[in-house]
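Here is the structure we will look at, set down as structure tokens.
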Amino acid sequence: MELKLKLEQLHQRVNGLKDQICTEEATKNAFVMPFIQILGYDIFNPTEVIPEHICDIGTKKGEKVDYVIRKNDEPILIFECKHWKENADAHNSQLHRYYHVSKARFGVLTNGTIYNFYTDLEKPNIMDEKPFLTIDIEDLKDSSLKILESFTKTEYNLESILDSAEALKYIKAIRKEFEKEIENPTDELVKLLVNRFFDKPLTANRMIAFKEYTKKALSISINESISHRLKSALNINEKIESNEEPKVNPVDDNSDAPKVITTDEEVEAFQIVKAILREKISADRISPRDTQSYFGVLLDDNNRKPICRFHFNTANKYLEIFHNGKDAGEKKQLNNLDEIYDYRTQLHQTIALY
């Protein structure tokens, strides 16, 4: 996502400059203006990004909001900025006043690191007390970035944002209440759950006990759910790894593994196959690979391009050929190594497949 990449770059810039930014004005210029630019708005066009916009409030004249963003000659966003060391949640009353006299539907309170987005879901033209969206450039979340994308100049859509804002607002509120219940279950929740299976009166002592049981049950349920997901992820990784081609050692590899022993017969068989294949390809494309189970001959030293395999570790000797495809090997019994020449055609057909 291009937006995420640009914000990550801004994060690096913020971290590199923080100690040199000593004023609110410097915070606006170094951190906030690049953020607005990332959203696609022309910070050098005073009709699109208006700095120090006069926002008279009642009898107070000359009040100014830091930035007003306009699109199609209509204000869509107002920005109120604070020094990066200040808490971005501590000054929403000032933004609240500006919002009341502005025609913009969205207000942003920021310290250059955290951007709190507000709207008026509760009462028309009265800014909500809590933000519906928070963007922390030090902790970017894909779900939040998807909403932020709707604020970019090219994607801005008022109705879409308002729908998302309402959903985010109530999801956040429900999640907060749920987390409270996990930490300290209320009587209402305990009664709701316990009455489904416990048909005796809930006395005060029983309520105390069931509150503790509920807290433990919720905690166990969440922990087991997390554990199950982790195990599922690990199992997927294990399956992927088990399906990978096994690593094998070349004939001339100085491996310490004593179980891989290249015999004289395997070397001689390889030389025969090499001679047959040199009729079609150069010798440097023919590679040996010896493993505990078989001796393999590969094209271009690639495990996915097997030409043939020698199975000489049993009482009977076999040549495995792949002229019908790398996943359709056929074993042919050999009475002696010279019989490998009988499969010249199949060996030539195999290299033609790749």
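The values are calculated or read from the model by the stated rules, or taken from the named source; none is laboratory data. Being a predicted model, the structure only gives us computed values, none of them experimental. Neighbour counts run over all protein chains shown; Cβ positions are idealised from the backbone, glycine included. Just the protein is used for accessible areas: all its heavy atoms, side chains included, with ligands, DNA and RNA removed. Shrake-Rupley method; radii C 1.70, N 1.55, O 1.52, S 1.80 Å.
Determine if segment 314-321 includes at least one residue that is modelled with pLDDT under 90 and in contact with a Ser or Thr (Cβ under 7 Å, 6 or more places away or on another chain). No, segment 314-321 contains no residue that is modelled with pLDDT under 90 and in contact with a Ser or Thr (Cβ under 7 Å, 6 or more places away or on another chain). Residue count for segment 14-38 satisfying the condition of being in a helix (DSSP H, G or I), among the aliphatic types (A, V, I, L, M) and over 25 Å from the mean Cα position of the chain (by Cα): 5.
Here LYS169 clears all of (1) open to solvent by less than 50 Å² (accessible area, probe 1.4 Å); (2) basic (Lys, Arg); (3) modelled with pLDDT of 85 or more except the condition numbered (3). Residue count for segment 174-217, restricted to those that are among the hydrophobic types (A, V, I, L, M, F, W, C), touching a helix residue (DSSP H, G or I) at 6+ places or on another chain (Cβ under 9 Å) and more than 30 Å from PHE132 (Cβ to Cβ): 8.
Close contacts from segment 16-29, counting a first residue that is surrounded by fewer than 15 Cβ atoms within 10 Å (Cβ to Cβ) and a second that is in a helix (DSSP H, G or I), with Cβ to Cβ under 9 Å and a gap of 6+ residues or different chains, come to GLN20/ALA26; GLN20/ALA30. Residues in segment 329-354 that are exposed (fewer than 12 other Cβ atoms within 10 Å of the Cβ), part of a helix (DSSP H, G or I) and of a type outside the set (Val, Ile, Thr): ASP338, ASP342, ALA352. Taking the condition in contact with a strand residue (DSSP E or B) (Cβ under 6 Å, 6 or more places away or on another chain), of a type outside the set (Gly, Ala, Ser) and either modelled with pLDDT of 85 or more or closer than 27 Å to ILE43 by Cβ (or both), does ILE114 pass? Yes, satisfied. On the given criteria, is ASN235 open to solvent by 60 Å² or more (accessible area, probe 1.4 Å), at pLDDT below 85 and closer than 30 Å to SER144 by Cβ? So ASN235 fails the test. Taking each residue of segment 335-352 that is farther than 11 Å from ILE321 by Cα and looking for partners that are of a type in the set (Gly, Ala, Ser) and open to solvent by less than 70 Å² (accessible area, probe 1.4 Å) with beta-carbon atoms closer than 8 Å, six or more apart or interchain, yields LEU337/ALA269.
Okay, residues lined up against (1) closer than 29 Å to THR23 by Cα; (2) touching a strand residue (DSSP E or B) at 6+ places or on another chain (Cβ under 8 Å):
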| position | (1), (2) |
| --- | --- |
| GLU52 | yes, yes |
| LYS64 | yes, yes |
| ILE69 | yes, yes |
| ASN125 | no, no |
| GLU129 | yes, no |
| THR154 | no, no |
